[in-house]
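In what follows, a structure is listed as structure tokens, so that the remarks can point back to it.
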């Protein structure tokens, strides 16, 4: 089984409104030796305004974004092809399950590729940050965790340097440098804690943690900043079989077994310690058998006999289990539907016919794509994305009225004064002013902010010349 380590540099933090502009991949063999290396850079999509703060962090000048040889569409097309050819593999990143993979998934979605390519059958998903935190908690002598500002820091650069991995701060946030550092840290964890590393890598495939949750009575779960917790699996969500609910065995089940459904539902959002936790079996949970991790538990942990008694109470109470299943089934039933298609990735899977249409869309020429998408896509999200791509890459193949409408949509998207969730050009210019006011004297940062501001002003001038109208590229800001 091969490993694919990756890192992305993006225009901002929220994957719904931003896009990758840098990508680095290392394909490694079973021994974590590099077999293939891929580094890509691209121009951001026309409707996305890069965050000035993100540009400062990555060290990219606006000219770097403009001069990249690939469009965003071309970069994601190349990535999609590589992901398909590299499967089956274990996909690995640092903080990737919550950041890089989300950005990649949304980028695939908005460029008409299957969004879950990293989760193809046979693939696994691993996060070196998850592994580092778990190993530091269960085997503290294996990993030196630096303290910054009186708190443990798991930032990639400081963590690497604290453990003898050469990683200059100036190289941080460069995608290729980050992915190489991630590989070095992964090798170090394998060397210093081989048994825990093997257990965590086994959990990168969802069938392993799912079996633990079904078959084991007492498990140890390490969940981010919370430290090791004693849990028992209760049930998979009736709406998502990869989402398991577990009970915290340090909380007496008598405090909740008899509660009605409304009060059970309230426990999921209550402040303080909660009796239930969610475990995603497809997101490499740091889940261990009791015998492998009991040494890391607090001294006041209930006895094993008491925990087994609590497991029996929970799993044998059929009335409670029925109530809980009802609560889980309706937990997100009233979730509001976003008016913006890029924010609706998780509001329904793409149909089989539309998956076939997406593949065909990439095979045909630009001169056929406008009519093809608007006549054949049944999913309005995909139709909106196809029209945006046409506007950016081949407006000459759009009907005149559709092109004018698209230009109006783009102008309003980038310059609206309405309260919208994405970054507009006016908001980006205000962000530059705020960053400049907080700058304490770094000449490099100040000159970079000047360059960012000039680039934004040029972009705003160009956008102001676009034609007015309406567009079917997703709703206009007034629909928010």
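Each reported figure results from applying straightforward, stated rules to the coordinates on display, with no laboratory input. Quantities reported herein were computed from a predicted structural model and do not represent experimental measurements. Don't worry about glycine lacking a Cβ; one is built from the backbone with ideal geometry, like all the others, and counts go over all protein chains shown.
Working from the Cα coordinates of the range 334-393, the gyration tensor eigenvalues give, after taking √(5λ), semi-axes of 22, 13, 8 Å in decreasing order. Per residue, the chain reaches -14000 deg cm²/dmol at 222 nm when only DSSP H runs of four or more residues are counted, each adding -39500 (n - 2.57). Against the empirical curve 2.2 N^0.38 Å, the C-alpha radius of gyration of the chain lands at a ratio of 1.07. Centre-to-centre separation between the Cα atoms of the range 371-388 and those of the range 1-44: 28 Å.
Evaluated over the Cα positions of the range 341-479, the convex hull gives a direction-averaged projected area, one quarter of its surface, of 10.5 nm². Note on the range 149-193: the C-alpha convex hull projects to 3.4 nm² when averaged across all orientations. Over the Cα atoms of the range 195-245, Rg to Rh with Kirkwood Rh, two decimal places? Taking Rg over the Kirkwood Rh, I get 0.96.
Once the gyration tensor of the Cα atoms in the range 91-232 is diagonalised, the equivalent ellipsoid follows with semi-axes of 24, 23, 13 Å, ordered largest first. The length gained on full extension between residue 335 and residue 33, counted as 0.36 nm times the residue separation minus their Cα-Cα distance, comes to 104.2 nm. Separation of the range 144-217 from the range 395-436 is 39 Å, based on Cα centroids. Shape of the range 74-124 from the C-alpha gyration tensor: oblate (a/c of 1.5 or more and a/b not above b/c, with a ≥ b ≥ c the square roots of its eigenvalues).
Normalised by 2.2 N^0.38 Å, where N is the number of residues, the alpha-carbon radius of gyration of the range 206-329 equals 0.99. With the simple model of a label 7 Å out from the Cα in the direction of the Cβ, residue 418 to residue 261 spans 3.6 nm.
Look at the alpha carbon pairs under 8 Å that are at least 6 residues apart: their mean separation over the length of the chain gives a relative contact order of 15 percent. With neighbour counts taken as other beta-carbon atoms within 10 Å, the residues 320, 288 rank, fewest first, as 320, 288. Here the range 303-421 yields Rg over Rh of 1.28, to two decimals, using C-alpha coordinates and the Kirkwood radius. Note on the range 1-203: Cα Rg divided by 2.2 N^0.38 Å, N the number of residues, gives 1.01.
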